[in-house]
Amino acid sequence: MCGPLTAAVALSPAGTSSLTWRQQLYHQCLLNVGRLVSYGLVGMAIGAVGSLLIAGGHLAGIGSPLRRGIALLLGTLLIWIGLSQVLPVSLPKVPMFQPLAGLHQRLSSALAYISRQPHWWTPIVLGWLWGLIPCGFLYIAQIKAAETSDPVQGAATMLAFGLGTLPTMVGTGLVTARISRDRRSQLYQLGGWVTLTIGILTLCRTDAMVDYSGYGALICLVVALIARPISPIWAFPLRYRRTIGVSAFVLSLIHTAHMLDHSFNWNVMAIVFTIPTYQIGIVAGVMALMLMLPAALTSTDAMVNRLGNLWRKLHLLTVPALLLVGTHTILVGSNYLGALAWSWQNWLGSALLALVILGVLLIRSLVIP
(Lines give C-alpha, C1' and ligand atoms only; values in the text may rest on other atoms or scores of the structure.)
Protein backbone atom coordinates (compact mmCIF):
# COMPACT_ATOMS: atom_id res chain seq x y z
CA MET A 1 0.00 0.00 0.00
CA CYS A 2 2.67 2.54 1.02
CA GLY A 3 4.81 2.24 -2.11
CA PRO A 4 2.04 3.13 -4.60
CA LEU A 5 0.83 5.96 -2.33
CA THR A 6 4.33 7.40 -2.08
CA ALA A 7 4.62 7.21 -5.86
CA ALA A 8 1.22 8.83 -6.35
CA VAL A 9 2.10 11.73 -4.04
CA ALA A 10 5.49 12.18 -5.67
CA LEU A 11 3.91 12.42 -9.11
CA SER A 12 0.94 14.60 -8.10
CA PRO A 13 0.63 18.24 -9.23
CA ALA A 14 1.70 19.38 -5.76
CA GLY A 15 4.23 16.58 -5.48
CA THR A 16 7.94 16.38 -6.20
CA SER A 17 8.05 15.48 -9.89
CA SER A 18 8.83 19.06 -10.97
CA LEU A 19 11.06 20.01 -8.03
CA THR A 20 14.80 19.93 -7.56
CA TRP A 21 16.44 17.09 -5.68
CA ARG A 22 16.72 19.16 -2.46
CA GLN A 23 13.10 20.29 -2.73
CA GLN A 24 12.04 16.69 -3.30
CA LEU A 25 13.87 15.59 -0.14
CA TYR A 26 12.25 18.40 1.87
CA HIS A 27 8.80 17.44 0.53
CA GLN A 28 9.29 13.76 1.40
CA CYS A 29 10.50 14.59 4.91
CA LEU A 30 7.39 16.69 5.59
CA LEU A 31 5.22 13.90 4.21
CA ASN A 32 6.76 11.36 6.56
CA VAL A 33 6.57 13.72 9.54
CA GLY A 34 2.81 13.70 9.09
CA ARG A 35 2.86 9.92 8.80
CA LEU A 36 4.86 9.55 12.03
CA VAL A 37 2.48 11.85 13.91
CA SER A 38 -0.45 9.76 12.72
CA TYR A 39 1.29 6.52 13.72
CA GLY A 40 2.05 7.91 17.17
CA LEU A 41 -1.55 8.97 17.84
CA VAL A 42 -2.92 5.65 16.61
CA GLY A 43 -0.36 3.75 18.71
CA MET A 44 -1.38 5.70 21.80
CA ALA A 45 -5.04 4.82 21.28
CA ILE A 46 -4.30 1.16 20.52
CA GLY A 47 -2.03 0.87 23.56
CA ALA A 48 -4.91 2.05 25.74
CA VAL A 49 -7.28 -0.47 24.15
CA GLY A 50 -4.66 -3.21 24.53
CA SER A 51 -4.45 -2.57 28.27
CA LEU A 52 -8.17 -3.31 28.53
CA LEU A 53 -7.85 -6.49 26.44
CA ILE A 54 -4.94 -7.81 28.47
CA ALA A 55 -6.69 -6.95 31.73
CA GLY A 56 -9.67 -8.97 30.51
CA GLY A 57 -7.45 -11.92 29.54
CA HIS A 58 -8.22 -11.68 25.82
CA LEU A 59 -4.56 -11.22 24.87
CA ALA A 60 -3.18 -13.47 27.61
CA GLY A 61 -0.69 -16.02 26.28
CA ILE A 62 0.51 -16.56 22.75
CA GLY A 63 -2.18 -19.18 22.22
CA SER A 64 -5.14 -17.01 23.17
CA PRO A 65 -8.09 -17.23 20.76
CA LEU A 66 -7.92 -13.48 20.05
CA ARG A 67 -4.23 -13.64 19.14
CA ARG A 68 -4.83 -16.63 16.88
CA GLY A 69 -7.81 -14.96 15.27
CA ILE A 70 -5.87 -11.75 14.64
CA ALA A 71 -2.94 -13.66 13.14
CA LEU A 72 -5.22 -15.65 10.84
CA LEU A 73 -7.16 -12.57 9.74
CA LEU A 74 -3.96 -10.58 9.28
CA GLY A 75 -2.25 -13.29 7.23
CA THR A 76 -5.31 -13.77 5.05
CA LEU A 77 -5.61 -10.01 4.51
CA LEU A 78 -1.93 -9.69 3.59
CA ILE A 79 -2.26 -12.53 1.08
CA TRP A 80 -5.36 -10.91 -0.41
CA ILE A 81 -3.64 -7.50 -0.66
CA GLY A 82 -0.62 -9.12 -2.30
CA LEU A 83 -2.74 -11.02 -4.80
CA SER A 84 -4.73 -7.88 -5.59
CA GLN A 85 -1.46 -6.18 -6.59
CA VAL A 86 -0.14 -9.15 -8.56
CA LEU A 87 -3.48 -10.16 -10.15
CA PRO A 88 -5.68 -7.04 -9.89
CA VAL A 89 -8.29 -8.19 -12.43
CA SER A 90 -8.54 -11.89 -11.64
CA LEU A 91 -9.69 -11.71 -8.01
CA PRO A 92 -13.38 -11.73 -7.10
CA LYS A 93 -14.84 -9.23 -4.65
CA VAL A 94 -15.03 -10.64 -1.14
CA PRO A 95 -17.89 -9.18 0.95
CA MET A 96 -15.93 -9.18 4.23
CA PHE A 97 -13.24 -6.98 2.66
CA GLN A 98 -15.63 -4.47 1.07
CA PRO A 99 -15.97 -2.17 4.14
CA LEU A 100 -12.17 -2.07 4.34
CA ALA A 101 -11.93 -1.34 0.63
CA GLY A 102 -14.48 1.46 1.05
CA LEU A 103 -12.42 3.09 3.82
CA HIS A 104 -9.28 2.75 1.71
CA GLN A 105 -11.04 4.37 -1.26
CA ARG A 106 -12.39 7.30 0.78
CA LEU A 107 -9.01 8.05 2.35
CA SER A 108 -7.30 7.70 -1.04
CA SER A 109 -9.77 10.20 -2.54
CA ALA A 110 -9.02 12.62 0.30
CA LEU A 111 -5.31 12.19 -0.37
CA ALA A 112 -5.82 12.92 -4.08
CA TYR A 113 -7.80 16.08 -3.31
CA ILE A 114 -5.33 17.46 -0.76
CA SER A 115 -2.34 16.64 -2.96
CA ARG A 116 -3.62 19.22 -5.45
CA GLN A 117 -3.44 22.03 -2.88
CA PRO A 118 -0.23 24.13 -3.39
CA HIS A 119 0.49 24.84 0.29
CA TRP A 120 3.61 24.15 2.35
CA TRP A 121 1.60 22.12 4.85
CA THR A 122 0.07 19.89 2.16
CA PRO A 123 2.61 17.02 2.53
CA ILE A 124 2.16 17.02 6.34
CA VAL A 125 -1.62 16.59 6.04
CA LEU A 126 -1.10 13.98 3.33
CA GLY A 127 1.24 12.06 5.62
CA TRP A 128 -1.24 12.26 8.49
CA LEU A 129 -4.01 10.78 6.32
CA TRP A 130 -1.57 8.22 4.96
CA GLY A 131 -1.05 6.86 8.47
CA LEU A 132 -4.78 6.10 8.76
CA ILE A 133 -5.09 4.03 5.57
CA PRO A 134 -5.48 0.25 6.19
CA CYS A 135 -2.24 -1.60 5.51
CA GLY A 136 -1.20 -5.17 6.22
CA PHE A 137 2.26 -4.35 7.55
CA LEU A 138 0.77 -1.58 9.69
CA TYR A 139 -1.58 -4.11 11.32
CA ILE A 140 1.42 -6.10 12.54
CA ALA A 141 2.88 -3.04 14.26
CA GLN A 142 -0.53 -2.15 15.69
CA ILE A 143 -0.86 -5.62 17.24
CA LYS A 144 2.54 -5.10 18.88
CA ALA A 145 1.35 -1.71 20.12
CA ALA A 146 -1.72 -3.36 21.65
CA GLU A 147 0.49 -5.93 23.38
CA THR A 148 2.33 -3.16 25.26
CA SER A 149 -0.95 -2.41 27.12
CA ASP A 150 0.25 1.13 27.67
CA PRO A 151 -0.58 4.32 25.68
CA VAL A 152 2.99 5.71 25.89
CA GLN A 153 4.64 2.42 24.92
CA GLY A 154 2.03 1.91 22.20
CA ALA A 155 2.88 5.30 20.72
CA ALA A 156 6.61 4.52 21.01
CA THR A 157 6.10 1.19 19.23
CA MET A 158 4.30 2.82 16.31
CA LEU A 159 6.88 5.61 16.13
CA ALA A 160 9.65 2.99 16.02
CA PHE A 161 7.83 1.25 13.19
CA GLY A 162 7.50 4.56 11.34
CA LEU A 163 11.17 5.41 11.81
CA GLY A 164 12.17 1.94 10.64
CA THR A 165 10.25 2.38 7.40
CA LEU A 166 11.36 6.00 6.94
CA PRO A 167 14.44 5.35 4.74
CA THR A 168 12.44 3.12 2.39
CA MET A 169 9.52 5.53 2.09
CA VAL A 170 11.71 8.60 1.51
CA GLY A 171 13.84 6.68 -0.96
CA THR A 172 10.78 5.44 -2.83
CA GLY A 173 9.42 8.96 -3.13
CA LEU A 174 12.74 10.33 -4.41
CA VAL A 175 13.28 7.55 -6.93
CA THR A 176 9.71 7.35 -8.24
CA ALA A 177 9.78 10.73 -9.99
CA ARG A 178 12.92 9.70 -11.89
CA ILE A 179 11.99 6.27 -13.22
CA SER A 180 9.81 5.27 -16.15
CA ARG A 181 6.16 4.24 -15.89
CA ASP A 182 7.03 0.62 -16.76
CA ARG A 183 9.52 0.45 -13.89
CA ARG A 184 6.92 1.82 -11.49
CA SER A 185 4.53 -0.95 -12.51
CA GLN A 186 7.22 -3.56 -11.96
CA LEU A 187 7.98 -2.17 -8.48
CA TYR A 188 4.27 -2.22 -7.66
CA GLN A 189 4.02 -5.92 -8.62
CA LEU A 190 7.20 -6.71 -6.68
CA GLY A 191 5.60 -5.12 -3.63
CA GLY A 192 2.62 -7.42 -4.16
CA TRP A 193 4.83 -10.50 -4.13
CA VAL A 194 6.56 -9.30 -0.94
CA THR A 195 3.19 -8.69 0.74
CA LEU A 196 1.96 -12.12 -0.37
CA THR A 197 5.07 -13.78 1.06
CA ILE A 198 4.74 -11.97 4.40
CA GLY A 199 1.09 -13.04 4.58
CA ILE A 200 1.98 -16.70 4.04
CA LEU A 201 4.73 -16.51 6.66
CA THR A 202 2.31 -14.85 9.10
CA LEU A 203 -0.10 -17.73 8.72
CA CYS A 204 2.65 -20.33 8.97
CA ARG A 205 3.91 -18.88 12.27
CA THR A 206 0.52 -19.53 13.86
CA ASP A 207 0.45 -22.85 15.74
CA ALA A 208 -3.24 -23.26 15.00
CA MET A 209 -2.43 -23.36 11.27
CA VAL A 210 -1.61 -27.06 11.63
CA ASP A 211 -5.33 -27.73 11.96
CA TYR A 212 -6.62 -24.72 10.04
CA SER A 213 -4.50 -25.39 6.96
CA GLY A 214 -5.61 -29.03 6.95
CA TYR A 215 -9.27 -28.13 7.26
CA GLY A 216 -8.82 -25.37 4.69
CA ALA A 217 -7.34 -27.83 2.21
CA LEU A 218 -10.19 -30.28 2.83
CA ILE A 219 -12.86 -27.59 2.38
CA CYS A 220 -11.26 -26.23 -0.80
CA LEU A 221 -11.00 -29.73 -2.24
CA VAL A 222 -14.66 -30.45 -1.47
CA VAL A 223 -15.80 -27.16 -3.01
CA ALA A 224 -13.69 -27.73 -6.13
CA LEU A 225 -15.15 -31.20 -6.62
CA ILE A 226 -18.79 -30.12 -6.26
CA ALA A 227 -18.37 -26.81 -8.13
CA ARG A 228 -19.94 -28.09 -11.35
CA PRO A 229 -22.86 -30.03 -9.80
CA ILE A 230 -23.97 -27.06 -7.68
CA SER A 231 -23.35 -24.42 -10.39
CA PRO A 232 -27.09 -24.06 -11.25
CA ILE A 233 -27.76 -22.77 -7.73
CA TRP A 234 -24.33 -21.25 -6.94
CA ALA A 235 -22.04 -20.32 -9.83
CA PHE A 236 -19.19 -18.77 -7.84
CA PRO A 237 -17.23 -22.01 -7.09
CA LEU A 238 -17.30 -23.09 -10.75
CA ARG A 239 -16.00 -19.70 -11.90
CA TYR A 240 -12.98 -19.97 -9.62
CA ARG A 241 -12.70 -23.75 -9.44
CA ARG A 242 -9.07 -23.88 -10.54
CA THR A 243 -8.05 -21.25 -8.01
CA ILE A 244 -9.90 -23.13 -5.27
CA GLY A 245 -8.27 -26.39 -6.32
CA VAL A 246 -4.78 -24.90 -6.33
CA SER A 247 -5.53 -23.36 -2.91
CA ALA A 248 -6.32 -26.86 -1.63
CA PHE A 249 -2.90 -28.05 -2.79
CA VAL A 250 -1.07 -25.03 -1.34
CA LEU A 251 -2.83 -25.41 2.00
CA SER A 252 -1.94 -29.11 1.97
CA LEU A 253 1.72 -28.18 1.52
CA ILE A 254 1.51 -25.71 4.41
CA HIS A 255 -0.19 -28.35 6.56
CA THR A 256 2.51 -30.91 5.72
CA ALA A 257 5.32 -28.47 6.48
CA HIS A 258 3.69 -27.54 9.79
CA MET A 259 3.31 -31.17 10.81
CA LEU A 260 6.92 -31.96 9.94
CA ASP A 261 8.13 -28.91 11.85
CA HIS A 262 5.91 -29.03 14.95
CA SER A 263 5.39 -32.77 15.38
CA PHE A 264 8.60 -34.33 14.02
CA ASN A 265 11.12 -31.47 13.99
CA TRP A 266 11.82 -32.40 10.34
CA ASN A 267 12.95 -35.88 11.38
CA VAL A 268 11.00 -38.00 8.89
CA MET A 269 12.34 -41.24 10.38
CA ALA A 270 10.42 -40.48 13.57
CA ILE A 271 7.23 -41.45 11.72
CA VAL A 272 8.36 -45.09 11.94
CA PHE A 273 8.01 -44.95 15.73
CA THR A 274 4.42 -43.68 15.74
CA ILE A 275 1.48 -46.01 16.29
CA PRO A 276 0.22 -47.98 13.24
CA THR A 277 -2.97 -45.89 12.97
CA TYR A 278 -0.93 -42.72 12.67
CA GLN A 279 1.37 -44.31 10.11
CA ILE A 280 -1.56 -45.32 7.91
CA GLY A 281 -3.04 -41.83 8.20
CA ILE A 282 0.26 -40.16 7.32
CA VAL A 283 0.76 -42.41 4.29
CA ALA A 284 -2.79 -41.61 3.15
CA GLY A 285 -2.05 -37.87 3.46
CA VAL A 286 1.17 -38.16 1.46
CA MET A 287 -0.58 -40.16 -1.27
CA ALA A 288 -3.36 -37.53 -1.41
CA LEU A 289 -0.78 -34.79 -1.82
CA MET A 290 0.88 -36.66 -4.68
CA LEU A 291 -2.46 -37.18 -6.44
CA MET A 292 -3.25 -33.45 -6.14
CA LEU A 293 0.13 -32.43 -7.56
CA PRO A 294 -0.64 -33.08 -11.29
CA ALA A 295 -3.91 -31.12 -11.05
CA ALA A 296 -2.16 -28.18 -9.36
CA LEU A 297 0.62 -28.07 -11.95
CA THR A 298 -1.78 -28.18 -14.91
CA SER A 299 -4.36 -25.63 -13.71
CA THR A 300 -3.68 -23.12 -16.50
CA ASP A 301 -5.33 -22.40 -19.85
CA ALA A 302 -2.11 -23.31 -21.65
CA MET A 303 -2.04 -26.78 -20.07
CA VAL A 304 -5.74 -27.31 -20.82
CA ASN A 305 -5.08 -26.67 -24.52
CA ARG A 306 -1.90 -28.71 -24.56
CA LEU A 307 -3.20 -31.82 -22.76
CA GLY A 308 -6.70 -31.99 -24.26
CA ASN A 309 -8.65 -35.00 -22.96
CA LEU A 310 -5.74 -36.03 -20.75
CA TRP A 311 -6.25 -32.84 -18.71
CA ARG A 312 -9.63 -34.04 -17.40
CA LYS A 313 -8.22 -37.46 -16.51
CA LEU A 314 -5.40 -35.88 -14.52
CA HIS A 315 -7.86 -33.71 -12.60
CA LEU A 316 -10.05 -36.72 -11.82
CA LEU A 317 -7.19 -37.88 -9.59
CA THR A 318 -8.52 -35.40 -7.03
CA VAL A 319 -11.50 -37.71 -6.43
CA PRO A 320 -9.45 -40.54 -4.86
CA ALA A 321 -7.36 -37.79 -3.25
CA LEU A 322 -10.48 -36.71 -1.35
CA LEU A 323 -10.94 -40.24 0.00
CA LEU A 324 -7.32 -40.29 1.13
CA VAL A 325 -7.62 -36.84 2.72
CA GLY A 326 -10.67 -38.04 4.64
CA THR A 327 -8.80 -41.13 5.80
CA HIS A 328 -5.85 -38.98 6.86
CA THR A 329 -8.09 -36.59 8.82
CA ILE A 330 -9.99 -39.32 10.63
CA LEU A 331 -6.93 -41.38 11.57
CA VAL A 332 -4.59 -38.51 12.51
CA GLY A 333 -6.84 -35.57 13.41
CA SER A 334 -6.91 -34.77 17.12
CA ASN A 335 -10.68 -34.23 17.00
CA TYR A 336 -11.28 -37.65 15.43
CA LEU A 337 -9.76 -41.09 15.94
CA GLY A 338 -6.31 -39.55 16.17
CA ALA A 339 -7.02 -38.54 19.76
CA LEU A 340 -5.25 -40.38 22.56
CA ALA A 341 -8.59 -41.27 24.17
CA TRP A 342 -11.72 -41.86 22.11
CA SER A 343 -15.08 -40.45 23.14
CA TRP A 344 -18.45 -40.28 21.49
CA GLN A 345 -17.50 -36.85 20.09
CA ASN A 346 -14.56 -38.40 18.25
CA TRP A 347 -16.73 -41.11 16.76
CA LEU A 348 -19.43 -38.60 15.83
CA GLY A 349 -16.91 -36.29 14.13
CA SER A 350 -15.46 -39.21 12.18
CA ALA A 351 -18.91 -40.35 11.08
CA LEU A 352 -19.93 -36.83 9.99
CA LEU A 353 -16.74 -36.34 8.00
CA ALA A 354 -17.24 -39.71 6.31
CA LEU A 355 -20.81 -38.71 5.43
CA VAL A 356 -19.61 -35.43 3.92
CA ILE A 357 -17.09 -37.21 1.70
CA LEU A 358 -19.62 -39.83 0.64
CA GLY A 359 -22.08 -37.01 -0.07
CA VAL A 360 -19.57 -35.32 -2.38
CA LEU A 361 -18.98 -38.56 -4.26
CA LEU A 362 -22.73 -39.17 -4.53
CA ILE A 363 -23.41 -35.67 -5.86
CA ARG A 364 -20.69 -36.05 -8.49
CA SER A 365 -21.91 -39.50 -9.58
CA LEU A 366 -25.50 -38.28 -9.99
CA VAL A 367 -24.78 -35.02 -11.83
CA ILE A 368 -21.51 -35.48 -13.72
CA PRO A 369 -21.57 -38.23 -16.39
Only Lys, Arg (+1) and Asp, Glu (-1) charged, at Cβ; the range 232-350 dipole about Cα centre in debye: 480
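First check a/c for the range 216-369, with a ≥ b ≥ c the square roots of the eigenvalues of its C-alpha gyration tensor; if it is under 1.5, answer rounded, and if not, answer prolate when a/b is larger than b/c or oblate otherwise. Each step should come with its number before you reach the end.
On the way: a/c = 2.41, a/b = 1.47, b/c = 1.63.
Here the range 216-369 falls in the oblate category.
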Which of C29, C220 is most accessible, then next, and so on - probe 1.4 Å: C29, C220
J(HN,Hα) series, the range 226-233, from Karplus relation 6.51 cos²θ - 1.76 cosθ + 1.60, nearest Hz, glycine and proline x: 9, 4, 6, x, 9, 4, x, 9
Relative contact order (percent, whole number), the range 195-275, Cα cutoff 8 Å, 6+ residue spacing: 32
Shape metrics for the range 230-282, restricted to C-alpha atoms - Rg then Dmax, Å: 16.9, 49
Potential lengthening between S365 and L260 on full extension [0.36 nm per residue; Cα-Cα distance subtracted]: 34.2 nm
Residue-normalised accessible area of the range 221-290, expressed per residue, 1.4 Å probe, Å²: 59
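Quick check on packing: order 352-360, 237-245, 284-292 by the mean number of other C-beta atoms within 10 Å, highest mean leading.
Numbers: 352-360: 15.2, 237-245: 18.3, 284-292: 20.2.
Answer by packing, highest mean first, reads 284-292, 237-245, 352-360.
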Cα lying deepest toward the dipole's positive end in the range 222-369, options I357, G281, N265, charges on Cβ: I357
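I need the calculated FRET efficiency for the pair L41 and A235, taking r as the beta carbon distance and R₀ as 45 Å, to the nearest 0.05. Walk me through the intermediate numbers first.
Numbers: r = 45 Å, r/R0 = 1.01.
So, using R0 = 45 Å, E works out to roughly 0.50.
Accessible area of the range 213-369 with a 1.4 Å probe: how many percent of it is carbon plus sulfur? Could the numbers behind the result be given before it?
Numbers: 6550 of 9060 Å².
It is 72 percent, rounded to a whole number.
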Residues V175 and V268, FRET efficiency given R0 of 45 Å [Cβ-Cβ distance, rounded to 0.05]: 0.45
Solvent-accessible area of I46 with every protein chain in place, 1.4 Å probe, in Å² to the nearest 10: 40
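The values are calculated or read from the model by the stated rules, or taken from the named source; none is laboratory data. As the structure is a prediction and not an experimental result, all values here were calculated from the model. Cβ sites come from the backbone with ideal geometry, for glycine too, and all protein chains shown count toward neighbours. Note: areas computed on protein heavy atoms with side chains; ligands, DNA, RNA excluded. Shrake-Rupley method; radii C 1.70, N 1.55, O 1.52, S 1.80 Å.
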